[in-house]
Every structure is written in C-alpha cells, then in structure tokens.
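The block underneath contains the structure these notes are about, expressed in structure tokens.
The values are calculated or read from the model by the stated rules, or taken from the named source; none is laboratory data. In this text the structure is predicted, and so the values were computed from the model without any measurement. All Cβ positions, glycine included, derive from the backbone under ideal geometry; neighbour counts span all protein chains shown.
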Amino acid sequence: MKKPLGILLIFCLMIFGSVSSFTQDLRYGLEFSSFEVVQEKRTGLNLTPSKVFSFPNGFSLSFDLFFQSAPEYNFGYVFRIIGQNGKHLDFLATREKLTVVNSEDEVLAECLISEVSNYFSSFISFQSKFDIKNETLNISIGDNVFIHTISHLKDFKKVNIIFGKCDLLQFQTSDVPKMIIKDISISEIKGDVVYSWKLSKHVENGVYDELRTHFAKVENPKWLLDDYASWNKKTSFRTLKNPQIAYNSDKNEIAIADRRAFLVYNPLSNQYVGHNILSGFVHSNQPNQMIYNPLDSIYYSYSFLNTDGKDVAAFNFLSKSWSNDSISEYGCEFWHHNRFVSLEEECLYLFGGYGQHTYKNQVNKYSFKTGEWEKLQYQGEQINPRYLSGLGVIDENRLLLFGGYGSNSGLQFLSPKNYYDLYQINLPDLTVKKIWEMHPPKDQFVIANSMVVDTLNKCFYALCFPQNRYETSLFFAKFSLEKPEYEIISNSIPFYFNDILSYVDLFHNKEADELYAVTFSSHTADSLSTVSIYSLSYPPLSSKTSVYQLLVKNNTRNNFIPIVIITLLLISAIIGYTYFEKKKVGKKSNADVKEFDKLNMEEFKITKQIGNRNKKQAIYLFGGLRINDKNERDITGEFSPMLKQLFLIILLNSLSDEGKGISSTKLNETLWPNKTRESARNNRSVMISKIRQLFENMGYISIESYNLSWTIKLGDEIYCDYREALSLIKDMDIKSNRTKKDVMNLINIVSFGELLPNLQIEWVDSFKASFANKLIDLLIDVSKQKELVFSPVELVSIADTLLIYDVLNDDGLKLKCCALVKMGKNGLAKATYNSFVKQYNLLFGTKYNYTFTQIIS
C-alpha cells in the first residue's frame, strides 16, 4: 500500500525539480565591469551587506571564475574575505597570474592563468577552506592545491565576503578584473552547503541564495541570463540612403554596403572593417538586394526588373570594387521581397515583393552557374500577392513563409490587407502547402524579412511591427508551427518605418547561439540612413520576469508560492490516491464516498479559482506584474524596467489611502536622483508618453498631472486586483459589513502571492509592508469572528494566505493545523507543523516554543 504512494510523491518532487532547473542549459553568471568604465560604474558583489557570516569552526568558499579575453583589464581583486582585527584574504588577478595573499602581504597561492585556463576560454574553479580548529587553510585554483598552517585563522570566525569593487571602510578598492563569476557556495567545515548563489536568476539590485534566501547585494551588475530576455543594442551608425544588408553565415558577420563604402561588422568582437569602394557600384539603389553566397564566399548585389534591366554584381575585396560601373536609378519592382540562397541548386530565389503599385506573388530565380534569371510560379496552393513577409528555413528543401501585406488581386487600390497565414514551400518544384491561418489580431502587424525556425520545439521566431506608423517599435514573437498561436517575448526595439526607405532583418549565429536584429531607416528620400544592430542570446526567454527570482526574502515575509503549490498538489494527489484505494477495497459506504467527493470537489474549486487570471483589460500586481489588453494579450513584456517603475509608483500612490498621487519632485528624487531637474523632466515626459501609447488598447487609463502631483485614473472596465483588494479590505474594516463571500473573494485575489514580489526596490517596500499588515490583521480577525462560519477547506485557504504574507505567522499555523485535524487529515496537519518548525529554526536559529499538541488544542 505504501509503495505506490511513495512513487507518487517522488514523481511530484521530480516534476518540481525539473522546473527549478530550467536554466541549466543557458549561459549564466555575473559579469563584472572593469577598467573600461569609471570607478563608480564598476561591479561589486557583497555577500554580507547587512551582517557578517559567523562560522565558529570554519567554512569553505567555492565558485567558478572566467576572465574576459582582453588581458589589459585582467587586473584587480577577484574577492576580499575580511575577518576581525584587520585580517583579510585577497584573491588577486594580473595579466599572467592568479595570487592569494593575506593581510601581511604573504603570498599563500600563486599560479599562471595559462596553467588553469586555455587562452581565457574556460571557467576556473576556486576553493578556499578555513579549518579554524586545526589552523589550516587549503586553497585550490583549478588543479593546483596549496596548504598552509596559519595561527590567526580564529580571526576568520566572522567574515565579510566581497567580490570585485569593495566600498567597505578601510578596505575600499575599485580595481576589478574583467571577469565572470558563477556558482558561489559556502559550506560548513563538515562539508554541508549552507549558502548557494548560482548567479542566474536574480532580483533588481542583487540575488538571493537558493537555500536560505540570504540576500547578496550587487552594484552595477551585468547578468548573463538577462541576455536571453532583453535585446542589447550593439552599435548604431549612419550610411547613405538605402544601404544593402547581408549576413555572412560562414564568418557570422553582417555586411552593410552603400555607394561609398563596404562595411563588415562582427557582433561578437564589436569591431568594424571598412572598405572605401574604389570603383563600381552596388547594382541597385534599393534596399534588401544584397546576399552572401557560401558557395564561393562572395557578396552579390542584384537587380531584377520586368524590363531588360536584369543583372548581378559581385564585390571584390582585393580591388575594393563592384563588378558593374553603373547604378540602377529607376523604380524597383520588388521592394521588401524575401530571398533564399540554395546551395544544392547553386541559385538565388526571390519571393514576392511590391513595386509600381502592385503586390507580387511570382518567384524569381537566378542561377550562379549560368548567370540567367528565370520567372516561376507556385505549384499547388497559391500564396496571394504580398510584401513585408517573413521567410524561414526548415532545411535546404523546405521553407516557411508567413504574413505580409498585399491584396488578393495584387493591385494596391483593391482592398489591401494584412495576411496572417503560414505556408511551407518545397524546393525545387515550388509546391506550396498551407499550414494554418490566424484570425487577424486587433493590432495589425507585418514581419521582418527573415524568421528563425526551431523544429525541435515546433516554433519559429519573428520580429513584428505595425506598418501603418512611422515612429513605432519591433516586438519579438514566438509562433507555433502546429497551430495559429503566438506569444510576445523579450523587450521591444525602436524602429522608424518609412516603407521603401526602411528595412529590418533577423539573423541567427548558430555557433555563438545569438540572434541579431538589424534595422535601418531614412527620414526622407534624400537623407542618410541610420543602421542599428541588436543582439539577443538564443533560445530567448519569454519575458524579463523569466530571469527574476520568485522566492525572495522581505524581512520575515517570503514569497512562499512554490511551497503552497506543492502542498496543494500533494494534498490533491494523496486525496485522489486514498479515494481510489478506498473505492477498490470497498471499505467505505456509498454515503462516505459521496461525502469524500464533495470535499474533494470543494478543494478543487478553490484551487481552480486561484488559477484564473485571464481577464481582459486587467492589471495584476499580486504574484508579479501582468497587464492584459482588450484582447487578453499579455503586454507586460513591452514595458522596460524603468517604464514599469514609473507606471507603478504613480499607480500605487494614486490607489493609496490619500489617493493624491505623487509629486514631480518626489518622482525625480526616486527614479532619477542623479539627473538635473531638466533632464529628469525630459525623461519623465518621454516615458509617460510611451506608457500612454502602450495603454492605447486597454481602455480608459488616464495619467495626468494635477496640483503638482501625478495620478492614474482607471476606468470601471479596467480590472486591477490591487484596487479590488484595497476596496474589499476597506469595506471589511467594519465588522458588520463582512460577508463570507467578500472574504473568499479577497482570498482568491491575494493568493497569487505578495504584492510585486519581483520588484525589490526601496520605495516599493512601504507599500508591501502596509498592505501585508492590513491583510494579516483582517484575516486573523475574520477567522475568529463567530458570525462568519467557514468550512475547514475555506479555513485552510485563509491560513495558506496568511502564510504567504507572513511565512512564520503563528495564527496561520494554528488555523491550518486545526482545520486539517477537523477534516481528519492528522498526517497533513503534523507535516504542516514540522515544515513550519524547520523553517522557523532555519531563519531564527532557535527552537519553536509550541508543540504540535499545543497548536491544535
């Protein structure tokens, strides 16, 4: 009887173990800014920002270390371990050596970097073990081990540990190597790990360790995991109008050419190689008409017209010239077409495009062997004439084409529209199969020229933007290959779309696992173009919140959602197992089984209620910020971290008891403390304008300045869980107004977790503390109110909510244990008590005062 239940429990734990390790295949770590920036911009990681570590018998510190490839920056302090009586241990890096010295400048360990890292290409493992009882210090750098007998190790029973920049009085240093640190752990002398920082998921200004939620403060961080969730602008420069852009898949470089120059940019090294063109021209003065051919490693500029003006020009790097002596000044027939170089056929395919007021659906093919062009048509299903589509490559013989703008007839003046259909094109016969068609979204969009296909995960990625606006932005989306669904991931990229004077493309560097977004735009036909290049690590994470820690410590109140979820699932699993065992053995009467079903369904309803957050026109703050527009589309990812802060600080102040909003002066002091009044005002104006644009598809949301204060007013059609919770709490301040329905509605709202748990910023703390105190006081009072009669299941729900907002709340523990005992679940009650006691001892370092018997009496 016990074996199946044990297997069930192990299975549940395996599920949660796999969820918690989702980042294991992604690059992570903390990158330290070094001498490339001024002193105040350099990175520091303080493991002991509030109090020192205490290890009476000693401890061990270990981590992995990686040095960046620029040796001129490999100088400074990897870390300082600072003990008592002025004693300290320093781990220093120079261009050639790694050295550990003590406060007497005695060298305790020294080795060449070349001994432990091959040309800075690998992480170096480091460990220092302080055995205070035996007065020995063991240091390991890679495979090198150094052992010393040191009499003053007792001065390291209490320590501060700081990596990189150190601001601690008398130990200040800003000499920081250009390095990456990850997987820090601290163990007791017996070997038990007590603190662990992976340095992957994190919060705004630091990171919590994964065992005790001990907070480590970080100054000027660069988290490698963030590169999977946010586009990083690599460079921006000016060219002549309508430059040609192509991706070199052999060298993973981006080529940009205009009439004057040929530029090659390497995104990994962030370096340019420029060539002034000595003779010849790019063949066309139109964008999107240059490709790189891996067959002969040559860049080609091409032109294809319905007239006789068909030609292809090659660029010669030795002579710095194009192979043609004129440039096409006439109008283009195929603006914003899609293209593909077939290695098997040694040819170039062009799909669709727009020109002369006509959308195209023909296929143009150029043979590199014969130098001839050929006009072709699709076979099987037809693709309507269009441009601004996206083309993705499944393999050498299968392509995907998605979206675009055009018309069924091809004529610009006859009902043009956006397309949201996905096709597979098979080569070389050009047979077409329609995969799916998506219902047009309210916010229309078109696609960047290229898409990235991920057949393993059955999806493709695309940059999207509305073609009916000039000043707009690109959003990055993940589309399903199997059904017409998509989700917006990552932050947005600013883009100026001026139709034939602008262009955007997406490239995938498979060797480095990076995506590159390339944009350019010209304001007018005779102006220069601005080219911008962005990078994003691959595979992309769904949003910025994917890199934030969910389990964080805020005084004594933790985000305890994972434990609550596990408990609910285990309860459901055990109930289900018990039910089927009882049914199988037949020991219970039909009446007992029906009573059990009733209880089980009641718990299921509560759990299901808690899981429903799909309202449209909604702003959710509990358990993390989420904003849904009129179409139930989650637009949270379109808010940058600073936009979120600005929106939330005005919203929270507007919904506070006073409801007066926040003054411009207070806004400036909080969000832009180091900027001048003029600069802060400009930043505020630009960001409020962006917030208003993001809310255009939400409903009535007014952000206004009145009586020198900024406020946000939400229309009745906008649902805000925080506003609803505050209203319910205010109504229930008077005992006679309380109803069971209102109490359970409040529980349903706040059970998702703390208020804005991912936002660990000082100004938010007062709102969090104020709300938590009001909620806890109310729920404790409600649970004791005799006029309100709650079922045991409802009491468990109230208790779980109390424990979310105060993980060590005595009233919550007593309420839950007593309710479980009334339900006959004595084992679960005892397990709840034991978990509470363990957590209490872990956080306070002392034994809990009350026994289980006292709690349930």
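Quick notes on this structure:
- Single residue of the range 351-367 satisfying the filter (among the polar types (S, T, N, Q) and in contact with a strand residue (DSSP E or B) (Cβ under 7 Å, 6 or more places away or on another chain)) that is modelled with the lowest pLDDT: Q362
- Qualifying residue in the range 703-718 (condition: surrounded by 16 or more Cβ atoms within 10 Å (Cβ to Cβ) and either without any contact (Cβ under 8 Å) to a residue 60 or more places away in the chain or assigned by TED's automatic domain parsing to the domain that holds D443 (or both)): yes
- Meets criteria (surrounded by fewer than 20 Cβ atoms within 10 Å (Cβ to Cβ), of a type in the set (V, I, T) and at pLDDT 90 or above) for T455: yes
- Residue pairs meeting the criteria (Cβ under 6 Å; at least 6 apart or on separate chains; first part of a loop (DSSP other than H, G, I, E, B), in the range 841-853; second of a type in the set (A, V, I, L, M)): Y848/V837
- Qualifying residue in the range 498-507 (condition: part of a loop (DSSP other than H, G, I, E, B) and free of Cβ contacts under 8 Å to residues at least 24 places away in the same chain): no
- Condition met for W322 (hydrophobic (A, V, I, L, M, F, W, C) and at pLDDT 90 or above): yes
- Filter result (closer than 18 Å to F156 by Cα and surrounded by fewer than 16 Cβ atoms within 10 Å (Cβ to Cβ)) within the range 63-98: Q84, N85, G86
- Picking from residues in the range 702-741 that are out of contact with any helix residue (DSSP H, G or I) (no Cβ under 8 Å at 6 or more places or on another chain) and β-branched (V, I, T), the one that is farthest from V789 (Cα to Cα) is I718.
- All positions within the range 45-62 that are surrounded by 22 or more Cβ atoms within 10 Å (Cβ to Cβ) and either on the phi > 0 side of the Ramachandran plot or modelled with pLDDT under 95 (or both): G58
- When every residue of the range 819-833 is checked against the conditions, none turns out to be closer than 29 Å to L755 by Cβ and among the basic types (K, R).
- The residues listed here are K217, K233; of these, the one that is out of contact with any Ser or Thr (no Cβ under 8 Å at 6 or more places or on another chain) and not in a loop (DSSP other than H, G, I, E, B) is K217.
- S521 being without any contact (Cβ under 8 Å) to a residue 40 or more places away in the chain and not in a loop (DSSP other than H, G, I, E, B): yes
- Flag: F460 matches the condition of being of a type in the set (F, W, Y), more than 26 Å from P641 (Cβ to Cβ), surrounded by 19 or more Cβ atoms within 10 Å (Cβ to Cβ) and touching a Leu at 6+ places or on another chain (Cβ under 7 Å).
- Filtering G845, G824 for residues that are within 36 Å of the chain's Cα centre (by Cα) and small (G, A, S) leaves a single hit, G845.
- Cβ pairs under 6 Å, 6+ apart, first in the range 721-736 and under 16 Å from G659 (Cβ atoms) and of a type in the set (F, W, Y), second surrounded by 14 or more Cβ atoms within 10 Å (Cβ to Cβ) and modelled with pLDDT under 90: none
- Looking across the range 804-834, just one residue is polar (S, T, N, Q), buried (at least 17 other Cβ atoms within 10 Å of the Cβ) and in a helix (DSSP H, G or I), and that is T832.
- Contact annotation: residue pairs with Cβ atoms under 6 Å, 6 or more positions apart or on different chains, pairing a residue in the range 254-277 that is on the phi < 0 side of the Ramachandran plot and among the polar types (S, T, N, Q) with a partner that is modelled with pLDDT under 95 and surrounded by 13 or more Cβ atoms within 10 Å (Cβ to Cβ), are N276/A261.
- Restricting the range 181-202 to residues that are aliphatic (A, V, I, L, M) and surrounded by fewer than 20 Cβ atoms within 10 Å (Cβ to Cβ) leaves a set whose member that is farthest from V764 (Cα to Cα) is I189.
- Some residue of the range 217-230 being within 26 Å of L843 (Cβ to Cβ) and among the small types (G, A, S): no
- The numbered conditions (1) crowded, with 16+ Cβ neighbours inside 10 Å; (2) more than 30 Å from S640 (Cβ to Cβ) are all true for E787 except (1).
- All positions within the range 613-637 that are modelled with pLDDT under 85 and surrounded by fewer than 20 Cβ atoms within 10 Å (Cβ to Cβ): R613, N614, K615, K616, N631, E632, R633, D634
- Of the numbered criteria (1) in contact with a Ser or Thr (Cβ under 7 Å, 6 or more places away or on another chain); (2) of a type outside the set (D, E, K, R); (3) surrounded by 21 or more Cβ atoms within 10 Å (Cβ to Cβ); (4) more than 28 Å from I500 (Cα to Cα), the one N242 fails is (4).
- Restricting attention to the range 236-273, the residues that are assigned to a strand (DSSP E or B), over 29 Å from the mean Cα position of the chain (by Cα) and either of a type in the set (S, T, N, Q) or not assigned by TED's automatic domain parsing to the domain that holds L501 (or both) total 2.
- Residue within the range 647-660 that is surrounded by fewer than 18 Cβ atoms within 10 Å (Cβ to Cβ), farther than 20 Å from D721 by Cβ and of a type outside the set (K, R) present: yes
- Test result for S450, hydroxyl-bearing (S, T, Y) and under 32 Å from the mean Cα position of the chain (by Cα): yes
- Matching residues in the range 328-350 - criterion: being modelled with pLDDT under 90 and in a loop (DSSP other than H, G, I, E, B): E329, Y330, G331, C332, E333, F334
- Some residue of the range 223-246 being of a type in the set (D, E, K, R), at pLDDT 95 or above and either in contact with a His (Cβ under 7 Å, 6 or more places away or on another chain) or over 30 Å from L168 (Cα atoms) (or both): no
- Test: residue in the range 663-685 that is modelled with pLDDT under 85, of a type in the set (V, I, T) and part of a helix (DSSP H, G or I): no
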